[in-house]
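Asker: Handing you a structure now.
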Amino acid sequence: MMNEKINILADKIRDAKSIVIMGHKNPDGDALGAVLAMGRLIELNFGVLPVCVYDGNIPDTLDNFPLRQTVRYVGRLDPAKTFDLALVLDYGTVRNLGASADVAQKAAYRIEIDHHENDAPIGDLCINDVHAAATTQIIYEIMTTAGWKYDADVCNLVALGLMTDTGMFKYISDSRPLRIMADLVDGGIHVRRLADGLNNRPAKSVQAEATVVARAEFLYGGRLALATVMSREYKNLDGRGDMILGMLGQIKGVEYIAVLKQQRENQTGVSLRGRTRPVRQIATALGGGGHEYAAGAVIADRIDRARAQIIEMFEGE
Ligand SMILES: [Mn+2]
């Protein structure tokens, strides 16, 4: 099955005169790594230079990614431009593509490569594997199965996608990502240099997160850690405030973490984490969703009222 799909993928790339590659809005390491790795693989193996696009913001932590400067803000594309082929990577649901969705929908043919659950895939061809730890893992499987040429940039991008999407291999469910990583290390990647390259955040964003953590509340006997990010701090956050979740999750006795972000006067973003108990059902009840232990939602209300609502929802958990 995989081989058959890879053959179609290769045929479609070969036939296309113009190719656009995209991932989810506000790319993380896997989305950006997958887009840039795929772009480079196509350039190396098919002699076409695809257009790599993103919507939203790319966090500073990803600034040292190889080929980072080649990805373009989707708003800069000529709106009249259409592509023969769109490769849609690591996106989960069409809503997550932001403005890139339009570019994908207008393309003559769409191929998606993803590891997210997706009820309504937009690809004419779907190379999806929900058991893969990262989309870059699927790209590695494709390039090695197909026998494509690859270079150090591709290897570094695959490694970075795996490292970031698995939380440095903490969230793996099988050994495959480690085996791929071992192959990449044998091939010459430098793990420490890649990991240190991610330490690239402005002081103001680390300090804003530290302030939020310092103000956190601990409820239900310390089982729920709740932190609020006010709009002045939210502006300084780089990405989604993962460090806040990470720091609160280190505290003894904390079972659930809720981070509320004042996005607008009447709009509060909520990120939920469970250490050993699921939180998805709470996010779903709020109209959001996500993974079992990591989910989120957006509440159309003021942050103080959203806070009261969240506290109530965790009662009895
Ligand atoms: Mn991913």
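The values are calculated or read from the model by the stated rules, or taken from the named source; none is laboratory data. Keep in mind that this is a model prediction, so the values were computed, not measured. Cβ coordinates were reconstructed from backbone atoms using ideal geometry, including for glycine residues, and neighbour counts include every protein chain displayed.
Asker: Examine the stretch 128-148 for a residue that is in a strand (DSSP E or B) and farther than 24 Å from E292 by Cα, and state whether such a residue exists. Spell out how you get there, then give the answer.
Answerer: Taking the stretch 128-148 first, the residues in a strand (DSSP E or B) are 128.
Pick out the ones that are also farther than 24 Å from E292 by Cα and you get none.
No.
Asker: Please state which one of A120, A108, A86, A101 is away from the ligand (no atom under 15 Å from the Cβ) and buried (at least 23 other Cβ atoms within 10 Å of the Cβ).
Answerer: On the way: A120 fails: buried (at least 23 other Cβ atoms within 10 Å of the Cβ); A108 fails: buried (at least 23 other Cβ atoms within 10 Å of the Cβ); A101 fails: buried (at least 23 other Cβ atoms within 10 Å of the Cβ).
Testing whether each residue is away from the ligand (no atom under 15 Å from the Cβ) and buried (at least 23 other Cβ atoms within 10 Å of the Cβ) leaves just A86.
Asker: Can you pull out the residues in the stretch 274-296 that are touching a Ser or Thr at 6+ places or on another chain (Cβ under 8 Å) and under 15 Å from Q263 (Cβ atoms)?
Answerer: If the condition is that a residue be touching a Ser or Thr at 6+ places or on another chain (Cβ under 8 Å) and under 15 Å from Q263 (Cβ atoms), then G296 is the only one that fits.
Asker: Name the residue that is nearest to the ligand (Cβ to nearest atom), counting only residues in the stretch 47-69 that are assigned to a helix (DSSP H, G or I) and crowded, with 16+ Cβ neighbours inside 10 Å. Steps first, please.
Answerer: Quick first cut of the stretch 47-69, residues assigned to a helix (DSSP H, G or I) only: 60-62, 68-69.
Cutting the leftovers down to crowded, with 16+ Cβ neighbours inside 10 Å gives us 61-62.
Numbers: T61: 15, L62: 13 Å.
Filtering first and then ranking leaves L62.
Asker: On to the next question. Determine the pairs where a residue that is farther than 16 Å from F65 by Cβ and within 16 Å of the ligand (Cβ to nearest atom), located within the stretch 143-170, has a partner that is not acidic (D, E) and not in a helix (DSSP H, G or I) with Cβ atoms under 9 Å apart, the partner being 6 or more residues away or on another chain.
Answerer: Short answer, once both residue conditions are applied: T166/A133; T166/A134; T166/I172; F169/A133.
Asker: Separate question: Across the stretch 288-313, which residue is surrounded by the most Cβ atoms within 10 Å (Cβ to Cβ) among those that are at pLDDT below 95 and part of a loop (DSSP other than H, G, I, E, B)? Show your work before the answer.
Answerer: As a first pass, look at the stretch 288-313 and keep what is at pLDDT below 95: 288-296.
Subset that is part of a loop (DSSP other than H, G, I, E, B): 288, 291-293.
On the way: G288: 18, H291: 16, E292: 11, Y293: 16.
Of everything passing the filter in the stretch 288-313, G288 is surrounded by the most Cβ atoms within 10 Å (Cβ to Cβ).
Asker: Could you list, in sequence order, the residues of the stretch 171-195 that are touching a residue at least 12 places away in the same chain (Cβ under 8 Å), small (G, A, S) and part of a loop (DSSP other than H, G, I, E, B)?
Answerer: Passing the criteria: S173, G187, G188.
Asker: Restricting to the stretch 290-301, name every residue that is within 21 Å of the chain's Cα centre (by Cα) and over 25 Å from G253 (Cα atoms). Steps first, please.
Answerer: Residues of the stretch 290-301 within 21 Å of the chain's Cα centre (by Cα): 290-298.
Scanning the stretch 290-301 gives a single hit, V298.
Asker: Given A195, A152, A182, which one is at pLDDT 95 or above, more than 22 Å from T61 (Cα to Cα) and either surrounded by fewer than 19 Cβ atoms within 10 Å (Cβ to Cβ) or not basic (K, R) (or both)?
Answerer: Details: A195 fails: more than 22 Å from T61 (Cα to Cα); A152 fails: more than 22 Å from T61 (Cα to Cα).
Going through A195, A152, A182 in turn, just one is at pLDDT 95 or above, more than 22 Å from T61 (Cα to Cα) and either surrounded by fewer than 19 Cβ atoms within 10 Å (Cβ to Cβ) or not basic (K, R) (or both): A182.
Asker: May I ask you to list pairs of residues, at least six apart or on different chains, whose Cβ atoms are under 6 Å apart, with the first in the stretch 106-128 being farther than 11 Å from L9 by Cα and the second being small (G, A, S)?
Answerer: A107/A86; H115/A132; H116/G92; N118/G92
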